[in-house]
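First comes the structure, then the notes that go with it.
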Amino acid sequence: MTRRGHRAPHHLAVRLITLAEARAFIALHHRHHKPPIGHRLSVGCFDDGRLCGVAVLSRPVARMTDAESVLEVSRVCTDGTPNACSKLLGVAARFARLVGFETIQTFTLPEEGGASLRAAGWTRAPRLSPGGSWNCRTRTGRCETQPKGPKWKWTRRVA
C-alpha cells in the first residue's frame, strides 16, 4: 500500500504457458466460453508471480480466413487484475509480428465494451458479424457450446 492507502502499481510479466495451464485458468474464470481444444501458443500474465490472465493464440476459426497471414486470439481471460487484458493483447500482437503474421484478430460479444482492445491498438469492424450456428460434426461438441449470436470483429495490422 502507498501512504495514501492506494495499492502500488501492478508489476505484470508475461511468459509462455502450456495449453493445459491456459485451459485450467479459463475453466475457472471465463464468463461464457469453455476452454479451447487446441492452440498455436498460449501466454500467461503474472502479477508478482501469480497467474492473473491468459491468452490463447490459434489458427483462425473461420475456414476462409488465411491461416498463414492471420493469427487469432481465441481466448483472453483474466481474474480482473488491472491492465492484464491489455498487456496480453499487446504481447499477442508483438508475437504475431515477430513470427511473420500480417494481422491478428479476435471476436467479442456485443455486450463487451472492448476497452482493453482499444488500449492495445486494435480496431473494431464497422458492423457486427452475423453469427449463427456452424454446420459441422465434431466429437467435442464445439459448435453447440459457444455463443452463436453476432460478434464484433477486432483486428490489428502487425506487418
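Just so you know, all these numbers are worked out from the coordinates, no wet-lab data involved. Not measured: the values here are computed from a predicted model. So basically every Cβ, Gly included, is an ideal-geometry build from the backbone, and we count neighbours across all protein chains shown.
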Q: Name the residues whose placed amide hydrogens come within less than 5 Å of the amide hydrogen of residue 40, ignoring near sequence neighbours (fewer than 5 apart) on the same chain.
A: 57, 58, 59
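If we count other beta carbons within 10 Å of each Cβ, what is the order of 87, 151, 34, fewest first? Could you put the intermediate results ahead of the total?
On the way: 87 25, 151 19, 34 15.
So the residues, fewest neighbours to most, are 34, 151, 87.
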Q.
Above 17 Å lies some portion of the pair distances; for the stretch 1-132, what is it as a whole percent of all C-alpha pairs?
A. 60 percent
**Q.** Rounded to whole Hz, the Karplus (6.51, -1.76, 1.60) HN-Hα couplings of the stretch 153-159, x for glycine and proline
**A.** 9, 10, 9, 9, 6, 10, 7
Q.
Please list 3J(HN,Hα) in residue order for the stretch 20-35, calculated via the Karplus relation 6.51 cos²θ - 1.76 cosθ + 1.60 where θ = phi - 60°; whole Hz, with x for glycine and proline.
A. 4, 5, 5, 4, 5, 5, 4, 4, 7, 10, 6, 6, 9, 10, 7, x
